[in-house]
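J.: I'd like to ask you about the structure that follows.
The values are calculated or read from the model by the stated rules, or taken from the named source; none is laboratory data. On a predicted model such as this, the values are computed, not experimentally measured, just so you know. Don't worry about glycine lacking a Cβ; one is built from the backbone with ideal geometry, like all the others, and counts go over all protein chains shown.
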Amino acid sequence: TQTETVLEVNNIEVIYNHVILVLKGVSLKVPKGGITALLGGNGAGKTTTLKAISGLLASERGEVTKGSILHNGENTAEKDPADLVKRGVVQVMEGRHCFEHLTVEENLLTGAYTRSDGKGAVAADLEMVYNYFPRLRERRKSQAGYTSGGEQQMTAIGRALMSRPETILLDEPSMGLAPQLVEQIFGIVKSVNENEGVTFLLAEQNTNVALRFAHYGYILESGRVVMDGPAAELRENPDVKEFYLGMS
Ligand code: ATP
């Protein structure tokens with residue numbers, strides 16, 4: 001059966017500051033309702049790819065100079081982040097990015113600012129977020145800046161969920177977190193994917209965990225896709241094992 005493609009990136013080039021060519025023709029397809037992983041080492045271009053999709057490049061003096069980005073068939077390469085959020089695409093940035101002076105709950109509520117479906121619906125979604133992240137319910141009155149790294153990552157994902165997205169772009173959710181916590185967060189991502197039908201495109205350096213939870217993976221090296229395939233196949237691929245899974 002043919003699955004619908006929610007996002008299609010076609011041969012994009014991205015340049016920073018008019019001179020630094022960082023993506024040299026990246027193409028990928030994100031199937032609706034799936035978890036797709038963008039893998040590769042430091043500086044491979046994962047974050048840049050996510051930002052190109054979410055419209056966050058412009059604020060970094062980056063631009064897509066070639067290729068197209070189709071969201072449900074429409075080219076969104078020139079759209080700004082707020083527009084993309086309204087269309088259902090939201091990025092969770094690397095490094096948690098909470099509003100440190102707001103409480104956990106206030107942070108979550110900021111995610112709902114683009115919605116116009118009323119307080120009741122927002123309250124119901126807050127409840128949904130607390131059900132996925134019971135820890136956030138316990139910490140809801142705490143100032144986000146004083147919560148742990150794991151709690152801040154949960155808050156960042158929860159805030160994205162509050163916009164009722166179709167697709168979440170998740171940048172390096174494992175960064176700086178203990179293995180057990182990484183496992184827990186990926187487990188929650190998987191249940192959100194399965195229960196709410198939210199599509200995920202996640203960038204990860206932790207190939208091992210990403211390929212256990214994702215359905216499909218793309219490996220980037222120096223701004224190019226060097227390999228892609230179903231996660232189960234990539235996990236068994238000798239090159240992936242040697243270079244990315246740390247075992248030969
Ligand atoms: P990381 O895991 O370190 O974030 P990544 O795969 O996400 O790695 P990018 O952050 O996309 O990689 O960076 C790709 C390349 O683009 C790197 O060489 C980086 O130095 C460069 N780069 C990133 N942001 C900018 C910027 N704002 N201006 C200039 N160059 C940048």
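J.: Just to be sure, is T110 crowded, with 18+ Cβ neighbours inside 10 Å, at pLDDT 90 or above and not aliphatic (A, V, I, L, M)?
T.: No.
J.: So, one more: L170 - would you say it is within 28 Å of K24 (Cα to Cα) and modelled with pLDDT of 95 or more?
T.: Criteria met by L170.
J.: Of the residues V129, V92, which is without any contact (Cβ under 8 Å) to a residue 60 or more places away in the chain and under 22 Å from L177 (Cα atoms)?
T.: It is V129.
J.: Inside the stretch 88-113, can you point out the residues that are touching a Ser or Thr at 6+ places or on another chain (Cβ under 7 Å) and at positive phi?
T.: G88
J.: For the stretch 180-227, which residues satisfy the criterion of being acidic (D, E) and within 14 Å of G45 (Cβ to Cβ)?
T.: Selection gives E204, E221.
Per-residue answers, yes or no, for (1) surrounded by 17 or more Cβ atoms within 10 Å (Cβ to Cβ); (2) within 16 Å of the ligand (Cβ to nearest atom):
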{"residue": "Q143", "(1), (2)": "no, no"}
{"residue": "A156", "(1), (2)": "yes, yes"}
{"residue": "R159", "(1), (2)": "yes, no"}
{"residue": "I168", "(1), (2)": "yes, no"}
{"residue": "D171", "(1), (2)": "yes, yes"}
{"residue": "M175", "(1), (2)": "no, yes"}
{"residue": "S191", "(1), (2)": "no, no"}
{"residue": "L202", "(1), (2)": "yes, yes"}
{"residue": "L211", "(1), (2)": "yes, no"}
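J.: Within 14 Å of the ligand (Cβ to nearest atom) and surrounded by 16 or more Cβ atoms within 10 Å (Cβ to Cβ): does that describe E63?
T.: yes
J.: Regarding S116, is this residue assigned to a loop (DSSP other than H, G, I, E, B), on the phi < 0 side of the Ramachandran plot, more than 16 Å from the ligand (Cβ to nearest atom) and free of Cβ contacts under 8 Å to residues at least 12 places away in the same chain? First the steps, then the outcome.
T.: On the way: assigned to a loop (DSSP other than H, G, I, E, B): yes; on the phi < 0 side of the Ramachandran plot: yes; more than 16 Å from the ligand (Cβ to nearest atom): yes; free of Cβ contacts under 8 Å to residues at least 12 places away in the same chain: yes.
So S116 passes the test.
J.: Would you confirm whether or not the stretch 89-102 contains a residue that is at pLDDT 90 or above and acidic (D, E)?
T.: Looking through the stretch 89-102, at least one residue is at pLDDT 90 or above and acidic (D, E).
J.: Right, next: Can you tell which of V209, V240, V182, V225 is touching a residue at least 24 places away in the same chain (Cβ under 8 Å) and in a strand (DSSP E or B)?
T.: V225
J.: Residues in the stretch 34-53: is at least one under 17 Å from R164 (Cβ atoms) and either more than 16 Å from the ligand (Cβ to nearest atom) or surrounded by 18 or more Cβ atoms within 10 Å (Cβ to Cβ) (or both)?
T.: Looking for residues that are under 17 Å from R164 (Cβ atoms) and either more than 16 Å from the ligand (Cβ to nearest atom) or surrounded by 18 or more Cβ atoms within 10 Å (Cβ to Cβ) (or both), one finds none in the stretch 34-53, hence no.
J.: Going by what's in this entry, would A82 be described as away from the ligand (no atom under 15 Å from the Cβ) and surrounded by fewer than 18 Cβ atoms within 10 Å (Cβ to Cβ)? Full working, then the answer.
T.: Numbers: away from the ligand (no atom under 15 Å from the Cβ): yes; surrounded by fewer than 18 Cβ atoms within 10 Å (Cβ to Cβ): yes.
Spelling it out, A82 is indeed away from the ligand (no atom under 15 Å from the Cβ) and surrounded by fewer than 18 Cβ atoms within 10 Å (Cβ to Cβ).
J.: Still on this structure: K24 is checked against (1) of a type in the set (K, R); (2) more than 19 Å from R224 (Cβ to Cβ); (3) more than 10 Å from the ligand (Cβ to nearest atom) and fails just one. What number does that condition carry?
T.: (2)
J.: Scan the stretch 54-71 and report the pairs whose first residue is in a loop (DSSP other than H, G, I, E, B) and whose second residue is within 14 Å of the ligand (Cβ to nearest atom) and among the acidic types (D, E), with Cβ atoms within less than 8 Å and a gap of 6+ or a chain change.
T.: L57/E63
J.: Taking the conditions exactly as written (away from the ligand (no atom under 16 Å from the Cβ) and surrounded by fewer than 17 Cβ atoms within 10 Å (Cβ to Cβ)), does A77 satisfy them or not?
T.: Spelling it out, it is not the case that A77 is away from the ligand (no atom under 16 Å from the Cβ) and surrounded by fewer than 17 Cβ atoms within 10 Å (Cβ to Cβ).
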